[in-house]
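Note sheet for the following structure.
The values are calculated or read from the model by the stated rules, or taken from the named source; none is laboratory data. Not measured: the values here are computed from a predicted model. Glycine gets a Cβ as well: all are built from the backbone with ideal geometry, and neighbour counts include every protein chain shown. With ligands, DNA and RNA removed, areas are computed over all heavy atoms of the protein, side chains included. Shrake-Rupley method; radii C 1.70, N 1.55, O 1.52, S 1.80 Å.
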Amino acid sequence: MIQHNLPDMIYKFLLGISGLSAIPDFLLVTASYLIPSAAVLGFVMFVSGMLTYAERKVSADIQNRIGPNRVGPFGLLQMLADGVKLILKEDIIPDAVDRKLFKLAPYIVFSGTMLAVTVVPFGGPFIVADLNIGLVFIIVVSSLIVVGFLMSGWASNNKWALLGGIRSAAQIISYEIPAALSLFTVVLIAGTFSMQKIVMSQGPYPWDWFIFHNPFTFVAFFIFFISSLAEINRLPFDFPEAESELVSGYNVEYSGMRFALFFLAEFANIFISASIAAAVFLGGGNIGLDPYESGIGFQLVMVLIFFAKVVPLCLVTIWIRWTLPRLRIDQMLSMCWKYFIPMSFACLAMTAIWMLVFNGNGIFWRMNG
Amino acid sequence: MLERFNMVNRLDPDPAFILTRLDTALNLARANSVWYLLMGLACCAIELMQTGGPRGDLDRFGSLFRATPRQSDLMIVAGTVTHKMAPRLRRLYDQMAEPKYVIAMGSCANCGGLFNLSYSVVKGVDKILPVDVYLPGCPPRPEALTEALIKLQEKIKKEKYLLKKD
Amino acid sequence: MVTVREYFGNITNAVRTTYKGMKITLKYWVKEPSITVEYPDRIGGLRSEDLVSERFRGYLKVETSKCTGCLLCMRVCPIDCILIEVNRRDDRRYLDRFDIDQAKCMYCGLCVEECPSAAILFSKKYEGACYDMKELCVSHVSSPVPAARPAKKEAPE
């Protein structure tokens, strides 16, 4: 019988292979959790590298020039060259830093990102852990990144890094509120926090997605998208790592592989915010079939549909970066507390009233049972 | 005794074979991703900005600009180095992470250039830093700076990274 | 404190201006071609000298057959980057040395302006990156060359 859980499916598969049933049970269970985690980790790192390449190419196209095109065919091996170079650099730890915090900070930022990856529904059965509090887990885990930024800012013993770290902390904690509130708008409609069930309660057609359910979820999608830009320190909310003002902010004293971890975590965060937005609002990976009971062909189609929704959102993130100027810190915080939080509260309240008035039906959407 | 049985050559294959191939691969990766520090001091800095701009694009070679010396490999000294600026320049060079390179751009960075006879100008940046590539011009064209970067890439590709003792 | 009208005005203003900005960037992303001159390998069959204008001031080139050894260029150079030695032997003047330090030269053009026989001119060469600065000191005579005779000027009528 097909389990509705990816690690369980892998466990049954491993038991089915002869010769492996002699291995004690807990090792097989561990392996069936480790295999999808490692695969997803590796995949997200690869996607993060591709996003660095995509950013350089897209920024070059917007600025009338050509990005990297000499390294491989069309410059595709550029990310490999960057990665190898960063590994080979000398690892500088300045004298006056707080050594434990300095070394720990990139790992905490990286772990915050990677923990969030485990609940992203990649379409079909491919979700590492289908927690029944999946959405809350993501919001909680992205707060871990704040701790990492504060640590790196403080430990660098550098006034610009400290300023960058503090501003980053203020910005991220402020913008978590509208992000969470706009996600909860969808929870009112779906009735569950589990990511896979949220995806499954939408439908395959655009008018079945939650974004078109009522006008307030439409606004909530944009609020969530912009707040997630602010959470990942991305222009126009780039103040903590502003190149022209703060000489790279909290990144200043990091070189080599530690810097590479920050860099990769930033681009992996772009991918994760785009996938959450696609899964929750745009019905990522739903083609109307049950993800666990269908054949492998349909499951791959689901994954493709999911990526067809995530990739344009990532490109929009990169596009926004090269369009808008940077907001000042007071403008950024006033925008959050004076505009976004009231608007997201209003969306939440109005969605609740809509659900009461219309019995849960959307504009194009009919509640199934 | 080993020589007598001619076992030296067979037992000890060229130890440098694998390391040379690895060296080539690593150098290729390092040469294609040279990130430079924005070190614009005077008029050559304008040409540096233009080389990073649309017409003469340095990003094709994988060169990004970074604002902090910790994350850059290359310092392009573009402009006149005065006595007041020299200790700060040396400090920035010391803060860069190994392996690091320097291009002296323009005649002022080569040898003091036009201001050679002045009392407050350092007569060439190689008096305070080790320079890898010299680039003449006042200011050098973007294509000349691109060629200097290519020459630097060739120098990096020939470096013995893992086989240091030869 | 903002009024309700200003509040909603701010929101619509933000949305409108963002839309305008992103439309322009989208146009540049999709339509405008790149204007990069892909030096050095894809410049459409041109040589690097053809990329610059007619009167571009590149390296200095000297035609020693026309040089009369008047030393005007050496004297007028503001930073003394030309070094010429002229000696008289066997009733003829010989150029024994003609070095130009291209690393120091600032391409001002005073020497080109002053030369009466147009022996020293700007070429269009500008690529000169090298690993050692000694290569940038160009020597234009390898063995002593006889200096040309200056052209006879006609007496004004």
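Here are C:T64, C:T68: which of them is open to solvent by less than 80 Å² (accessible area, probe 1.4 Å), touching a strand residue (DSSP E or B) at 6+ places or on another chain (Cβ under 7 Å), over 30 Å from B:A109 (Cβ atoms) and more than 14 Å from every other protein chain (Cβ to nearest Cβ)?
Details: C:T68 fails: touching a strand residue (DSSP E or B) at 6+ places or on another chain (Cβ under 7 Å).
Among C:T64, C:T68, only C:T64 is open to solvent by less than 80 Å² (accessible area, probe 1.4 Å), touching a strand residue (DSSP E or B) at 6+ places or on another chain (Cβ under 7 Å), over 30 Å from B:A109 (Cβ atoms) and more than 14 Å from every other protein chain (Cβ to nearest Cβ).
Is it true that A:G284 is away from chain C (no Cβ under 14 Å), of a type outside the set (K, R) and buried (at least 19 other Cβ atoms within 10 Å of the Cβ)? Yes. Among the residues of the stretch A:91-101, is there at least one that is in contact with a Phe, Trp or Tyr (Cβ under 7 Å, 6 or more places away or on another chain), surrounded by fewer than 21 Cβ atoms within 10 Å (Cβ to Cβ), on the phi < 0 side of the Ramachandran plot and part of a helix (DSSP H, G or I)? Looking through the stretch A:91-101, at least one residue is in contact with a Phe, Trp or Tyr (Cβ under 7 Å, 6 or more places away or on another chain), surrounded by fewer than 21 Cβ atoms within 10 Å (Cβ to Cβ), on the phi < 0 side of the Ramachandran plot and part of a helix (DSSP H, G or I). For the residues A:A22, A:A31, A:A105, the requirement of being away from chain B (no Cβ under 13 Å) and outside any helix (DSSP H, G or I) singles out A:A22. Could you list all residues from the stretch C:101-134 that are among the charged types (D, E, K, R) and loosely packed, with under 14 Cβ neighbours inside 10 Å? Correct list: C:E113, C:D132, C:K134.
Can you tell me how many residues in the stretch B:46-61 are away from every other protein chain (no Cβ under 11 Å) and crowded, with 19+ Cβ neighbours inside 10 Å?
Our first condition is that a residue be away from every other protein chain (no Cβ under 11 Å); within the stretch B:46-61, this holds for B:46-50.
From what's left, crowded, with 19+ Cβ neighbours inside 10 Å: B:47-48.
Going through the stretch B:46-61 one residue at a time, the tally reaches 2.
Kindly indicate the residue of the stretch A:295-327 that is more than 30 Å from C:I24 (Cα to Cα), in contact (Cβ under 8 Å) with a residue 12 or more places away in the chain and open to solvent by 20 Å² or more (accessible area, probe 1.4 Å) and also farthest from the chain's Cα centre (by Cα) among those meeting that condition. Step by step, filter the stretch A:295-327, then rank; the result is A:F298. Scan the stretch A:328-369 residue by residue and report those that are of a type outside the set (S, T, N, Q), surrounded by fewer than 12 Cβ atoms within 10 Å (Cβ to Cβ) and modelled with pLDDT under 85. Residues satisfying the conditions are A:R328, A:R366, A:G369.
Residue check: is B:Y119 outside any loop (DSSP other than H, G, I, E, B), more than 7 Å from every other protein chain (Cβ to nearest Cβ), surrounded by fewer than 23 Cβ atoms within 10 Å (Cβ to Cβ) and among the aromatic types (F, W, Y)? Criteria not met by B:Y119. The C-beta contact set for the stretch C:4-29 (first residue in a helix (DSSP H, G or I), second residue of a type in the set (G, A, S), distance under 6 angstrom, 6+ apart or interchain) is empty. The number of residues in the stretch C:40-54 being assigned to a loop (DSSP other than H, G, I, E, B) and either assigned by TED's automatic domain parsing to the domain that holds C:K125 or open to solvent by 30 Å² or more (accessible area, probe 1.4 Å) (or both) comes to 9. Within the stretch B:130-144, restricting attention to residues that are facing chain C (nearest Cβ under 7 Å) and of a type in the set (A, V, I, L, M, F, W, C), the residue that is nearest to B:F115 (Cα to Cα) is B:C138. The criterion of being free of Cβ contacts under 8 Å to residues at least 60 places away in the same chain, farther than 27 Å from A:I276 by Cα, within 13 Å of chain B (Cβ to nearest Cβ) and crowded, with 16+ Cβ neighbours inside 10 Å holds for A:A81.
Of the residues that sit in the stretch B:79-96 and are of a type in the set (A, V, I, L, M) and part of a loop (DSSP other than H, G, I, E, B), which one is surrounded by the most Cβ atoms within 10 Å (Cβ to Cβ)? Let's see the steps before the verdict.
Taking the stretch B:79-96 and keeping what is of a type in the set (A, V, I, L, M), we get B:81, B:85-86, B:89, B:92, B:96.
Narrowing the set further to residues that are part of a loop (DSSP other than H, G, I, E, B) leaves B:81, B:85, B:96.
On the way: B:V81: 26, B:M85: 16, B:M96: 23.
Here the answer is B:V81.
A single entry from C:L83, C:L95 fulfils the requirement of being outside any helix (DSSP H, G or I) and in contact with a Lys or Arg (Cβ under 9 Å, 6 or more places away or on another chain): C:L83.
Return yes when A:V219 is part of a helix (DSSP H, G or I), touching a residue at least 60 places away in the same chain (Cβ under 8 Å) and of a type in the set (A, V, I, L, M, F, W, C) and no when it is not. Break it down into steps so the answer makes sense when it comes.
Numbers: part of a helix (DSSP H, G or I): yes; touching a residue at least 60 places away in the same chain (Cβ under 8 Å): yes; of a type in the set (A, V, I, L, M, F, W, C): yes.
So A:V219 passes the test.
Select, from B:E147, B:E154, the only residue that is farther than 12 Å from C:G128 by Cα, within 11 Å of chain C (Cβ to nearest Cβ) and of a type outside the set (S, T, Y).
Selected residue: B:E154, the only one of B:E147, B:E154 that is farther than 12 Å from C:G128 by Cα, within 11 Å of chain C (Cβ to nearest Cβ) and of a type outside the set (S, T, Y).
Can A:S142 be described as modelled with pLDDT under 90 and among the polar types (S, T, N, Q)? Talk me through it step by step, then tell me what you get.
Numbers: modelled with pLDDT under 90: yes; among the polar types (S, T, N, Q): yes.
Yes.
Can you confirm whether C:R47 is more than 14 Å from chain A (Cβ to nearest Cβ), modelled with pLDDT of 90 or more and under 27 Å from the mean Cα position of the chain (by Cα)? It is false that C:R47 is more than 14 Å from chain A (Cβ to nearest Cβ), modelled with pLDDT of 90 or more and under 27 Å from the mean Cα position of the chain (by Cα). Any residue at all in the stretch B:65-88 that's touching a Phe, Trp or Tyr at 6+ places or on another chain (Cβ under 8 Å), farther than 21 Å from B:N32 by Cβ and modelled with pLDDT of 90 or more? Yes, some residue in the stretch B:65-88 is touching a Phe, Trp or Tyr at 6+ places or on another chain (Cβ under 8 Å), farther than 21 Å from B:N32 by Cβ and modelled with pLDDT of 90 or more. Here C:R57 meets the list (1) within 14 Å of chain B (Cβ to nearest Cβ); (2) open to solvent by less than 90 Å² (accessible area, probe 1.4 Å); (3) touching a strand residue (DSSP E or B) at 6+ places or on another chain (Cβ under 9 Å) almost entirely, failing just condition (2). Restricting attention to the stretch A:199-238 and to residues that are open to solvent by less than 10 Å² (accessible area, probe 1.4 Å) and of a type in the set (F, W, Y), the residue that is nearest to A:A278 (Cα to Cα) turns out to be A:F210.
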